[in-house]
Amino acid sequence: MLISQYRTIKQLELLLEAAKKNGKGISTTISINDRMDNFGQNVGEWISQTKEEREAKANRIFVGNGKVVFIDPNKTISVAPKSEKKEDNPF
């Protein structure tokens, strides 16, 4: 599968700012939707949230969007089984 994404300078600055706060790097979450939006895009990316941020319904910081541009018809896409996450792991 290939995904084409676009990031504005502002989105890149948000990523860099978040990485500097962390001191190590940055974790992002990418969502692939079944349907295209009004701009022909079906991929969104945002800075990953902690459990506390998700529970508080904090706004996501979007840092990219795009679309799936190729899916190999000879490959099967599988979903990883849901795993139990430890409470001390923010991801």
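The values are calculated or read from the model by the stated rules, or taken from the named source; none is laboratory data. Values in this document were obtained by computation on a predicted structure and should not be read as measured data. Reconstructed Cβ throughout: ideal geometry from the backbone, glycine too, with neighbour counts over all protein chains shown.
If you check N38 against the conditions, is it exposed (fewer than 12 other Cβ atoms within 10 Å of the Cβ) and at pLDDT 90 or above? Against the criterion (exposed (fewer than 12 other Cβ atoms within 10 Å of the Cβ) and at pLDDT 90 or above), N38 qualifies.
For region 20-35, filtering for residues that are touching a residue at least 12 places away in the same chain (Cβ under 8 Å) and basic (K, R) leaves 0. Residue check: F91 meets all listed conditions (1) within 20 Å of L14 (Cα to Cα); (2) over 15 Å from the mean Cα position of the chain (by Cα); (3) at pLDDT below 90 but one, namely (2). Residues of region 1-19 that are under 13 Å from F62 (Cα atoms), of a type in the set (S, T, N, Q) and in contact (Cβ under 8 Å) with a residue 24 or more places away in the chain: Q5, Q11. Would you check which residues across region 36-79 are in contact with a Gly (Cβ under 7 Å, 6 or more places away or on another chain) and free of Cβ contacts under 8 Å to residues at least 40 places away in the same chain and list them? Listed by number, the list holds a single entry, Q41.
The rows are residues; the columns are (1) exposed (fewer than 12 other Cβ atoms within 10 Å of the Cβ); (2) at pLDDT below 90; (3) acidic (D, E); (4) in contact with a His (Cβ under 6 Å, 6 or more places away or on another chain).
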site	(1), (2), (3), (4)
I26	no, yes, no, no
E45	no, no, yes, no
S48	no, no, no, no
A56	yes, no, no, no
N59	yes, no, no, no
F62	no, yes, no, no
D72	yes, yes, yes, no
T76	yes, yes, no, no
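Just to be sure I understand, how many residues within region 1-21 are part of a loop (DSSP other than H, G, I, E, B) and surrounded by 12 or more Cβ atoms within 10 Å (Cβ to Cβ)? Selection size over region 1-21: 1.
In region 22-61, how many are of a type in the set (S, T, Y) and in a loop (DSSP other than H, G, I, E, B)? Break it down stepwise before answering.
If we filter region 22-61 for residues that are of a type in the set (S, T, Y), which is where we start, we get 27-29, 31, 48, 50.
Remaining after also requiring in a loop (DSSP other than H, G, I, E, B): 27, 48, 50.
Qualifying residue count, region 22-61: 3.
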